[in-house]
Amino acid sequence: MTRARRILHRPGWVGLLAALLFAAAGSAGELPAAEERLIEALIARVAGMTDAAFIRNDRSYDAATAAEFLRRKWRRHAAEVRSAEDFIDRIASASSTTGAPYRIRFGDGRELPCATVLREELLRLRKSGGSGSGSFGPRRVGMTPPAGQPAGGVADQSEIWLLFNSPETC
């Protein structure tokens with residue numbers, strides 16, 4: 001018997017090895033608290049989009065149902081999620097059953113991939129350094145409202161808008 005096999009056959013060695021592997025896997029899979037707060041903020045954002053419909057596998061769901069679904073799916077696949085980006089890519093982008101992308105249909109009829117909306121929201125959260133408690137409302141990127149146009153009003157379709165700032169404008 002080789003030396004390596006003799007070591008592995010000693011009593012307790014397999015248990016120690018299993019414990020070390022389990023501990024390493026547990027610590028490697030832990031989600032940093034800041035990332036968990038960002039994911040919770042993204043889910044809260046979904047829950048707050050009360051004027052939107054969430055399309056999953058060609059079925060429409062309200063905001064509260066969609067948020068709860070994302071939270072449950074995240075918990076089931078927690079080992080796959082190491083960051084808010086992973087949450088978007090692995091949990092909130094597409095059906096794990098059919099591969100069909102999740103979509104959000106807004107009150108004005110626009111429909112966008114859920115991943116696009118959540119990536120934009122995550123970018124906003126990271127820039128603000130917050131976890132979703134910032135102010136809502138439409139914002140132009142690098143533009144000021146035209147004369148006579150209220151802040152946040154649509155003056156020209158060619159203007160660049162962030163698509164995620166409020167349920168009413170999403």
Full extension from R76 to L123: what is 0.36 nm times the residue separation minus their Cα-Cα distance, to one decimal in nm?
14.4 nm
Let's test the formula: R0 of 25 Å, r as the Cβ-Cβ distance of T65 and A100. What FRET efficiency results, to the nearest 0.05?
0.90
In whole Hz, the Karplus estimates of ³J(HN,Hα) for segment 71-78 (6.51, -1.76, 1.60; θ = phi - 60°; x where Gly or Pro) are 5, 5, 5, 4, 4, 5, 10, 4
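Quick note: the coordinates plus some simple rules give every number you see, no bench work behind them. None of the values given here were measured: they were computed from a predicted structure. Glycine also receives a Cβ, built like all others from the backbone with ideal geometry; neighbour counts cover every protein chain displayed.
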